[in-house]
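The values are calculated or read from the model by the stated rules, or taken from the named source; none is laboratory data. The model shown is predicted, which means the values in this text are computed figures rather than measured ones. Don't worry about glycine lacking a Cβ; one is built from the backbone with ideal geometry, like all the others, and counts go over all protein chains shown.
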Amino acid sequence: MRILIVEDEPKVASFIQRALEEESYAVDVCQDGTQGLAFAQAVHYDLAILDLMLPGLPGLELLKALRAEKIKTPVLILTARSEIDQRVKGLDAGADDYLTKPFSIDELLARVRALLRRASGDPSGILQVEDLVLNPATHEVTRTGQRVDLTIKEYALLEYMMRNTGRVLTRPMISQHVWDLDFDTFTNVIDVYISYLRNKIDRGHDRHLIHTVRGSGYMLTAHR
């Protein structure tokens, strides 16, 4: 899943980015509100983490602009301000959650998972397609009860496909959600990683779950 961080403190932004990337998320970072708005308008993000005290465009105004444009990306406000009125203003402006600095990275990651679960409509968080099961909290993947070991990017690709079961995913859609802004869309990396997944997920099973939709892209489903 792809996450946008808008944070003007480089050390804090880098710390959050590293933690999220270790959890297999694709992450884009910008350090002012004006750039953050441009990023959010240009790319579909699964989640945004916003600081309130931003140069260019304050975080609260950025949030209001997103909601005014009907951009429904879940937003976690991250700020040093702990006053209740600031939390209320942020939530009233359209934020989905609020975390005050200093914070525990474990709590931040738990809140990220919770927001993504809420957005997907699955309160349990466990993703399952037939006998393929993925647990976002532990990153454990099994098929027929047997553990499947995946690299970080393989896991990210599989999670995105499982969150969109039965939906045709084009290469641009996959690159947008699984890779970052520097990804070269003219390479065959996506096809290569789909092949890796097939070898680990479908190989040795009578029923294949990953399918090519000719001329369109790929789909994970049990109904083909």
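State all residues of the range 153-190 that are at pLDDT 85 or above, among the polar types (S, T, N, Q) and part of a helix (DSSP H, G or I); if no residue qualifies, say none.
Hit for the range 153-190 is 175, nothing else.
Under 8 Å by Cβ, and 6 or more places apart or on different chains, what pairs join a residue from the range 99-111 that is surrounded by 12 or more Cβ atoms within 10 Å (Cβ to Cβ) with one that is among the aromatic types (Phe, Trp, Tyr)?
105/15
Check the range 201-209 and report whether any residue there is assigned to a helix (DSSP H, G or I) and either surrounded by 12 or more Cβ atoms within 10 Å (Cβ to Cβ) or assigned by TED's automatic domain parsing to the domain that holds residue 47 (or both).
Within the range 201-209 (the criterion being assigned to a helix (DSSP H, G or I) and either surrounded by 12 or more Cβ atoms within 10 Å (Cβ to Cβ) or assigned by TED's automatic domain parsing to the domain that holds residue 47 (or both)), the answer is yes, since at least one residue qualifies.
Counting just the residues of the range 121-140 that are touching a residue at least 24 places away in the same chain (Cβ under 8 Å) and touching an Asp or Glu at 6+ places or on another chain (Cβ under 9 Å), which one comes out surrounded by the most Cβ atoms within 10 Å (Cβ to Cβ)?
134
Within the range 11-31, track down each residue that is crowded, with 17+ Cβ neighbours inside 10 Å, more than 20 Å from residue 119 (Cβ to Cβ) and out of contact with any strand residue (DSSP E or B) (no Cβ under 6 Å at 6 or more places or on another chain). Spell out the reasoning first.
Residues of the range 11-31 crowded, with 17+ Cβ neighbours inside 10 Å: 12-13, 16-17, 20, 23-31.
Adding the requirement that they be more than 20 Å from residue 119 (Cβ to Cβ) leaves 12-13, 17, 29-31.
Residues satisfying the conditions are 12, 31.
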